Amino acid sequence: MPVNRYHVGDTVRVRTSTPFTDVETDAPFDPDNVIFRYLTPSGAVVVKQLSDVPSVVIQDGVGEYHIDIEVDEEGDWYYRIEGVSNDDPPIFQGADDDKRFHVNDSPFYTEE
């Protein structure tokens, strides 16, 4: 699978690859909370949630979400998107597998 490539200083939009869906009807569904987790090349784990106030998680449609990440480090960035349900068992499906993108250094975005 090809890896998307960006430059230090870019803003990378990370989105659900398919909508969260209702287990019984397979219709798009909004979980009670949506969690984006990403790992920077230096090992920092960042967690952003729809329930954060203010939230950087944006809803694009029923079951569809994204965040924008300002990348400031060269290397591989890893992320995953998860839905949370207050129902037991959960009544929706659809969490993205771990994914990654690569960031290259850019001579246009160097620190002084």
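A compact table of results
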| item | result |
| --- | --- |
| Pairwise label distance in nanometres, Asp87 with Ser51, each label 7 Å out on the Cα-Cβ vector | 1.7 |
| Calculated FRET efficiency for the pair Asp97/Asp26, C-beta based, R₀ 25 Å, to 0.05 | 0.80 |
| Bins of 5 Å from zero: percent of alpha-carbon pairs in the chain | 2, 12, 21, 21, 17, 12, 8, 4, 2, 1, 0, 0 |
| Residue among Pro54, Pro41, Pro31 with the largest mean-square fluctuation in a Gaussian network model of the chain, springs linking Cα atoms under 10 Å | Pro54 |
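No lab work stands behind these numbers, since they all come straight from the coordinates. Not measured: the values here are computed from a predicted model. For neighbour counting, all protein chains shown are included, and Cβ atoms are generated from backbone atoms with ideal geometry for every residue, glycine included.
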